[in-house]
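Input: a single structure, listed below in structure tokens.
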Amino acid sequence: MSRLAVLIVLLVILVLGASIGYFNAQPVQFNYLFGATEFPLIAVLIAAFSAGILLAIAAVSSRLFSMRLELGRLRKQLREAEGELRTLRNLPVGTPPETR
């Protein structure tokens, strides 16, 4: 994608975000556990969106961490198998032992 296309997409997103903020500036009652207060609607929307992003990042990060641990274990197992294969290839080829 060219830089001009990226710039245009970012500009469109910026304009859409500004228009959403403008049309959602009216105060809304926000009730929480210990009380209630008024915030602009756009602030509540941004806070909820940000909280969702943070929760998604936390969920993905935990899965990524477990996958990295598994990758390390599998790489170690592969190194051991390659070492064993190298050892087996270096064994001298001789006549089979005599059977009685």
Mind pulling the angle between the C-alpha long axis of helix 3-23 and the longest principal axis of the chain? Nearest 10 degrees, somewhere in 0 to 90.
-> 40
Between Tyr22 and Leu55, what FRET efficiency comes out of the Förster formula 1/(1 + (r/R0)^6) with R0 = 35 Å and r the beta carbon distance, rounded to 0.05?
-> 0.80
Just going by the charge dipole of the chain, with Lys and Arg at +1 and Asp and Glu at -1 on Cβ, which of Gln29, Leu54, Ile13 is farthest out on the positive end?
-> Leu54
What's the angle, to the nearest 10 degrees (0 to 90), between helix 41-90's Cα axis and the longest principal axis of the chain?
-> 10
Please state the charge dipole magnitude for the chain, taken about the Cα centre, from unit charges on C-beta atoms (+1 on K and R, -1 on D and E), reported in debye and rounded to the nearest 20.
-> 480
Val28 long-range amide H proximity, modeled H, under 5 Å = Phe39, Leu41
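A short reminder: the numbers here are calculations on the coordinates, not readings from a lab. Just so we're clear, the structure is a prediction, and the values are computed from it rather than from any experiment. FYI the Cβ positions are ideal-geometry reconstructions off the backbone, even for glycines, and counts take in every protein chain you see.
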